[in-house]
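Computed from the coordinates by the stated procedures, all read-outs in this text should not be read as laboratory data. No experiment lies behind these values; they were computed from the predicted model shown. So basically every Cβ, Gly included, is an ideal-geometry build from the backbone, and we count neighbours across all protein chains shown.
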Amino acid sequence: MRTPIIAGNWKLNKNPQETVEFVNAVKAELPNSSDVETVICAPAVDLPALLESAKGSELHVGAENCYFENEGAYTGETSPMVLKDMGVDYVIIGHSERREYFHETDEDINKKAKAIFANGMKPILCCGESLETREANKAEEFVEGQIKADLEGLTAEQVSNTVIAYEPIWAIGTGKTATADQAEEMCRAIRNTVADLYDESVAEKVRIQYGGSVKPANVKEIMSKEDIDGGLIGGAALQPDSFLQLAHYKD
Ligand code: 13P
């Protein structure tokens, strides 16, 4: 049985004070982690405030990125070793915004996945096609290529503990959600790719989220699909009320 995972990706939003206000507004009302796991992934500068205010609650903490080296002459980067020391559980890697604006390659993302596991955390690995690729009927092929390259060399156990987020680029921040059937179709294809690369038991364990304009009004339908185990949510995870409604999609 896969535990559903509802994760917010705050992107470049909120300061430490707003972070504490958010956590104080949600923490007493979050679902039990064994029922629905909740995560907030925040900018690196907000992580100390997020960790401190979320202590003792059901909320898990994630970073939005990290580097693949623990230390050294890498000006401006964030160390996965330090994230782990601080108490971070998850790190988003391969978000389309990082692939597009910061030119991250599958090779970088693969190195980051290995560094995250080496430090005892779990990656939330994002993948997803552009509108152009979808319209050319190449979406599945494209996403499968990303998954193969990003998971290269990971052990079966590591992949079982990976969260994969399918986020079609055309649905991010656009209000244009993939239909639940489109999302399910790709999440199923991703699971099949994992089964081909590893085996059925790994494919059964890996959690696959959908991301792209998920909101309280559509979360239930999306989460009703067999191969969708969670959501990675931007805009609708910024307000406490809306995040709580997402977290309680089962109610
Ligand atoms: P929105 O929910 O704002 O569309 O963002 C999705 C996303 O990119 C989450 O990582």
Whichever lysines have a C-alpha closer than 21 Å to that of K225, once near sequence neighbours (fewer than 8 apart) are set aside: K176, K205, K215, K250
Explain nothing, just the number: dipole magnitude of the chain about its Cα centre with +1 on each Lys and Arg Cβ and -1 on each Asp and Glu Cβ, in debye rounded to the nearest 20. 420
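So how strong a dipole does segment 102-251 carry about its Cα centre when Lys and Arg Cβ are +1 and Asp and Glu Cβ are -1, to the nearest 20 debye?
520
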Cut-off under 18 Å on the C-alpha distance; same-chain residues fewer than 8 positions from K138 excluded. Which lysines are left, in chain and number order? K148
Positive-end residue of V219, A42, T19, charge dipole of the chain with Cβ unit charges: T19
Taking neighbour Cβ counts within 10 Å as the exposure measure, how do E132, E152 sort from fewest upward? E132, E152
Karplus couplings for segment 154-161 from phi (6.51 cos²θ - 1.76 cosθ + 1.60, θ = phi - 60°), rounded to Hz, Gly and Pro as x? 6, 6, 4, 5, 5, 5, 4, 9
Distance in nm between pseudo-label sites at S201 and L131 (7 Å out along the Cβ direction from Cα): 4.5
Kirkwood Rh over alpha-carbon pairs of the chain, then Stokes-Einstein at 4 °C and 1.567 mPa s: what D in µm² s⁻¹, rounded to an integer? 72
Show me, bin by bin at 5 Å from 0, the whole-percent P(r) of segment 1-138 based on Cα pairs. 2, 10, 18, 21, 19, 14, 9, 5, 2, 0
